[in-house]
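Participant: Below you will find the structure I want to go over with you.
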Amino acid sequence: MMILIQMLFGQFMKVENNMNKPYYMYVLLTADNMLYCGFTDDVGKRFATHEAGKGAKFTRPAKRHPLRVIYAEAFASKHDALHAEAMFKKLTRPQKEQFLRNRQVKEFLNGQ
């Protein structure tokens, strides 16, 4: 069975539905209004790690907490999720905000 996966920048690709283990690119919004992007195979577990102060060095400082997951996108492979993460990280802040607005992320719909 074929399914459609939305890729970065709105492109779609067809993949076999053998997503036994999907991978995700996710975006966190920090308390000091910074964006953090990462990838994982379990967004909830990874978010809990960040919240516990044991995630990426960027999300550890208390001033960054609380954190919020504002976007997550599933991919058929680890490679695709890593690529999406890398592409997002290369964007400027205004481009990242536009990316999130295009995906109807409420925190950025009013031009925050």
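Participant: Dividing the convex hull volume of the alpha carbon atoms of segment 21-108 by its residue count, what do you get in Å³ per residue?
Facilitator: On the way: hull volume 7.9 nm³, N = 88.
Convex hull volume per residue, Cα atoms: 90 Å³.
Participant: Relative contact order for segment 21-108 using alpha-carbon pairs under 8 Å, separation at least 6, rounded to a whole percent?
Facilitator: Details: 126 pairs, mean separation 30.2, N = 88.
Here the relative contact order equals 34 percent.
Rule-based calculations on the coordinates, nothing more; no lab input. Keep in mind that this is a model prediction, so the values were computed, not measured.
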